[in-house]
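Scroll down for the structure; my scribbles are underneath it.
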Amino acid sequence: MSIGYSVEGATDRAFLEGLRRRWCPEATLIEGAFRGASHISLRRDIPKICLELAHKGAKVFVFLTDANSQDWRQVRQHESELIPSEFRHLTLYGVADRNIECWLAADRTYLAQQLGISPKVLKVDDPKDIVEKELGITRHDKREEEIASLVYNAPLHNWLKKSSSFEAFYEDARILSKQEGVSIPNERDAKMRKVNG
């Protein structure tokens, strides 16, 4: 399966790569333009990205974006309405609470162990700066492999309990995967992950 995607940056791309390895390892990711890279309105940008990805051979489309200070549900509703009708049934639209680092820090204990810090350090509204500092992310080294590994090995059953926006993304991913004949693991069952992972 070919999965086309459009994200806001390297951390989002690495996050998606970690999920691909975990949920659909046989799939190929096809990168579309970064959201906002064209500096035109989302109303024109999103349809253009869908057409670009379809032209590149994508069978399904994934958009990841940040809610920033807005309600993630409203962002998802507004932006997903901009997807052309012929692509909507093939599109997964994920909106992280504030940013993708909030999903990475949904289980503070797990992330803190991976970063070698106290979970208390991650008890903030926006963990982005902490995650970037502790991972050693720089302008020239985005640490994408480390982020993909963090996601691949994460206790997603905990993320589902602690992040309603990630839970919505996961549920939508399961629906789309069934529609496309792909089976995403039941991440709600921690025992299943240990057996399969």
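The values are calculated or read from the model by the stated rules, or taken from the named source; none is laboratory data. Quick caveat: nothing in here was measured; it's all calculated off a predicted structure. No Cβ is skipped: glycine too gets one built from the backbone with ideal geometry, and neighbour counts run over all protein chains shown.
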Hey, among K48, K59, which residue is out of contact with any strand residue (DSSP E or B) (no Cβ under 9 Å at 6 or more places or on another chain), surrounded by 12 or more Cβ atoms within 10 Å (Cβ to Cβ) and charged (D, E, K, R)? K48
Among the numbered conditions (1) over 30 Å from K48 (Cβ atoms); (2) crowded, with 16+ Cβ neighbours inside 10 Å, tell me where R174 comes up short. (1)
Scan the range 105-137 for residues that are under 19 Å from V7 (Cβ atoms) and not charged (D, E, K, R) and jot them down. A105, A106, P127, V131, L135, I137
The conditions are (1) in contact with a Lys or Arg (Cβ under 8 Å, 6 or more places away or on another chain); (2) outside any loop (DSSP other than H, G, I, E, B), and R43 fails exactly one of them. Which is it? (1)
Going by the conditions given, is S163 loosely packed, with under 15 Cβ neighbours inside 10 Å and either β-branched (V, I, T) or out of contact with any strand residue (DSSP E or B) (no Cβ under 7 Å at 6 or more places or on another chain) (or both)? no
Assess whether I100 counts as being in contact with a strand residue (DSSP E or B) (Cβ under 9 Å, 6 or more places away or on another chain), buried (at least 19 other Cβ atoms within 10 Å of the Cβ) and closer than 21 Å to R20 by Cα. yes
Where in the range 54-121 are the helices (runs of 4 or more DSSP H), entirely inside, with at least 2 residues that are free of Cβ contacts under 8 Å to residues at least 60 places away in the same chain? 72-80, 85-88, 108-115
Checking I40 against (1) at pLDDT 95 or above; (2) exposed (fewer than 15 other Cβ atoms within 10 Å of the Cβ); (3) aliphatic (A, V, I, L, M), only one condition comes out false. Which one? (1)
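Every residue, every condition in (1) of a type outside the set (D, E, K, R); (2) surrounded by 17 or more Cβ atoms within 10 Å (Cβ to Cβ), yes or no:
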{"site": "D125", "(1), (2)": "no, no"}
{"site": "D129", "(1), (2)": "no, no"}
{"site": "E134", "(1), (2)": "no, yes"}
{"site": "R143", "(1), (2)": "no, yes"}
{"site": "A154", "(1), (2)": "yes, yes"}
{"site": "F169", "(1), (2)": "yes, yes"}
{"site": "G181", "(1), (2)": "yes, no"}
Report those helices (runs of 4 or more DSSP H) wholly inside the range 123-197 carrying at least 3 residues which are closer than 19 Å to R22 by Cβ. 144-153, 156-162, 164-179, 190-196
How many residues does the range 4-19 contain that are part of a strand (DSSP E or B) and surrounded by fewer than 22 Cβ atoms within 10 Å (Cβ to Cβ)? 0
